[in-house]
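Single-structure report; data block below.
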Amino acid sequence: MTESTHTPPSDTIILNAFEKQQEYAIQLKQSTATERIKKLRKISSWVEQHAADIRQAIYKDFRKPGPEVDLTEIFPVQQEIKHTIGHLKKWMKPGKVSTPLALAGSKSYVYYEPKGVALIIAPWNFPLNLMLLPLISAISAGCTAILKPSEVTPHTARLIRNMMEDLFEPKEVVVFEGAVETSQALLQLPFDHIFFTGSPAVGKIVMKAAAENLTSVTLELGGKSPAIIDSSARLSDAAEKIAWGKWLNNGQTCIAPDYLLVNKNQQAALADEIIKATEKFFSEDGQSPQQSADYARIVNRNHYERLCELLDDAREKGAKILMGGQRDAEEKYIAPTLLADVPENARIWEEEIFGPILPMRKVDDLRDAADYIRKHPKPLALYLFSNSKKNQQYVLDNTSAGGMVINDCLLHYLHPNLPFGGINHSGLGKAHGFWGFRAFSNEKALIKQRIGLTSIKPVYPPYTSGVKKLISLMMKYL
Ligand code: NAD
């Protein structure tokens, strides 16, 4: 099964569920940290008890290896829950702020109130993780949530639905399986927040729909994330980390290094090291990566064909395949593929690759690399392999990206104390930990004023000459 066979829910069913959540959201608003933590613990125990089912569902969806499911689906969920449990009381506490002299006598706070009813739309590439992490944030903020998993990974979508039916009443969390039409029916409703993870193209559709209701959005999008390898980099180390970051999840990772910007004198040596690292990962006994249990598959026929076309296009235009290139339509298998000398007009430079194909691009120097990045949409992630502090600072200062990792790949996703998200085309808003909690919270300004005389009363009308004098003194000294 590659596409959902589920009948889409009717608009009436969706509307009923939404209205029930709207009603319950008012009650949830008053929930304490202890109550929210209890719910997070229930999710954690469910995930722990059903780890085998989770591995099986995701394996059925795209043959993702069990250890990779543990590392990239289950571990981030459990880590996010642990981190949230450890910090939620502090996050929820109204943040007292100092009061300016003009408002002397009052007390001021930032008060975190749940936004209300949230919609979470997830992609297929980390189908469990990318649904549960925003849900953890929504629950920690005190929101209700309607979840729309991706139809492209139907086994995991069904597992998520079963999980939520086990753990929550629909008035608090409910799942609607289905494809574009379900998503679009949901997007008509006046949610209090929409958290969308997916492609920039669909992100625009979501933002347009949200604008109709002036709903706030978090958009976790994608695009092309480059990795720069400068002349001071240790190539064997860089190559191994790049190979891991790229081939994990079969390259279907929003923050996978999409392409490499490598110093022209080092390309051949770097390619050798990437080939060596890839062989170590998947072909230690001389087998093909196709035989390796540790190498996943392309999620469906459409994506398989899209990737084959990208590869054919590059090859026909003169790109050299330094490694891989083999494919098997039956299994939706594409070997880890390394490309060099890919001409400028190849389509691979235009669209997010999202698969196990890695093109290298020669650059003259660091300035050349930074210029190239600046001429393209701001990436979700930027990787720099460099042993030079000066070069590291240069790239930080001369590029913009949602996140940056120096001398490694992907790691910022796993760090709960760092905001995760993009900028412009790669996304809007931030997720994880406190940033996730904030995304689903309204940061309400709260002032508690004293009764009777206040510091502002003396400037009320009528604007006598004495009041005017007072206002000008305020403007001068406060
Ligand atoms: P997608 O945008 O095609 O789909 C995402 C979700 O939107 C799915 O649930 C889908 O049903 C729904 N959808 C699709 N078309 C729609 C439409 N016309 N109207 C309303 N809803 C629609 O993305 P995908 O293929 O599932 O995932 C891959 C993309 O997601 C890549 O671009 C990747 O970089 C990005 N991504 C980003 C992050 C991140 O955290 N920033 C994480 C993972 C994936």
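Select from the stretch 404-424 the residues that are more than 10 Å from the ligand (Cβ to nearest atom), buried (at least 21 other Cβ atoms within 10 Å of the Cβ) and not in a loop (DSSP other than H, G, I, E, B) and list them in ascending order. The answer is VAL405, and nothing else.
The rows are residues; the columns are (1) away from the ligand (no atom under 13 Å from the Cβ); (2) outside any helix (DSSP H, G or I); (3) among the acidic types (Asp, Glu).
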position: PRO134; (1), (2), (3): no, no, no
position: ALA138; (1), (2), (3): yes, no, no
position: ALA145; (1), (2), (3): yes, yes, no
position: VAL152; (1), (2), (3): no, yes, no
position: LEU159; (1), (2), (3): yes, no, no
position: MET164; (1), (2), (3): yes, no, no
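Sort out which residues of the stretch 166-221 are charged (D, E, K, R) and more than 25 Å from THR7 (Cα to Cα), and write them in order of number.
The initial filter retains those residues of the stretch 166-221 that are charged (D, E, K, R), namely 166, 169, 171-172, 177, 181, 192, 204, 208, 212, 220.
Scanning the stretch 166-221 gives ASP192, LYS204, LYS208, GLU212, GLU220.
Checking ARG36, ARG55 one by one, the residue that is of a type outside the set (Phe, Trp, Tyr) and within 30 Å of LYS332 (Cα to Cα) is ARG55 and no other. Screening GLY66, GLY86, GLY105, GLY142 for residues that are at pLDDT below 95 and either closer than 20 Å to ALA293 by Cα or not aromatic (Phe, Trp, Tyr) (or both) leaves exactly one candidate, GLY105.
Go through GLU212, GLU220 for me and flag whichever is among the charged types (D, E, K, R) and in contact with a strand residue (DSSP E or B) (Cβ under 6 Å, 6 or more places away or on another chain). Lay out the reasoning, then the answer.
Working: GLU212 fails: in contact with a strand residue (DSSP E or B) (Cβ under 6 Å, 6 or more places away or on another chain).
It is GLU220.
For first residues located in the stretch 185-202 and within 23 Å of ILE26 (Cα to Cα) and in the same structural domain as ALA138 (by TED's automatic domain parsing), partners that are within 9 Å of the ligand (Cβ to nearest atom) and charged (D, E, K, R) and lie 6+ apart or on another chain with Cβ distances below 9 Å form the pairs LEU186/LYS148; PHE195/GLU220.
Among the residues in the stretch 402-409, are any closer than 22 Å to VAL202 by Cβ, in contact with a helix residue (DSSP H, G or I) (Cβ under 8 Å, 6 or more places away or on another chain) and modelled with pLDDT of 95 or more? Let's see the steps before the verdict.
We begin by selecting, within the stretch 402-409, every residue closer than 22 Å to VAL202 by Cβ; these are 402-403.
Going one step further and asking which of them are in contact with a helix residue (DSSP H, G or I) (Cβ under 8 Å, 6 or more places away or on another chain), we end up with 402-403.
Next cut, modelled with pLDDT of 95 or more only: 402-403.
Yes, the conditions are met somewhere in the stretch 402-409.
Any residue that is of a type outside the set (A, V, I, L, M), crowded, with 17+ Cβ neighbours inside 10 Å, in the same structural domain as ARG55 (by TED's automatic domain parsing) and outside any strand (DSSP E or B) - is there at least one of those in the stretch 95-105?
Checked against the condition, which is being of a type outside the set (A, V, I, L, M), crowded, with 17+ Cβ neighbours inside 10 Å, in the same structural domain as ARG55 (by TED's automatic domain parsing) and outside any strand (DSSP E or B), the stretch 95-105 yields no hits at all.
Within the stretch 258-276, residues that are under 25 Å from GLY223 (Cβ atoms) have Cβ atoms under 7 Å from residues that are among the aromatic types (Phe, Trp, Tyr) and surrounded by fewer than 22 Cβ atoms within 10 Å (Cβ to Cβ) in these pairs: LEU261/TYR372, counting only partners at least 6 apart in sequence or on another chain.
The C-beta contact set for the stretch 291-319 (first residue on the phi > 0 side of the Ramachandran plot and part of a helix (DSSP H, G or I), second residue of a type in the set (Ser, Thr, Tyr) and within 14 Å of the ligand (Cβ to nearest atom), distance under 9 angstrom, 6+ apart or interchain) is empty. Here LYS430 passes the criteria (1) crowded, with 20+ Cβ neighbours inside 10 Å; (2) under 27 Å from LEU135 (Cα atoms); (3) away from the ligand (no atom under 15 Å from the Cβ) except the one numbered (3).
The values are calculated or read from the model by the stated rules, or taken from the named source; none is laboratory data. Every value quoted in this text rests on a predicted model; they were computed, and no experiment measured them. Every residue, glycine among them, receives a Cβ derived from its backbone with ideal geometry; neighbour counts consider all protein chains shown.
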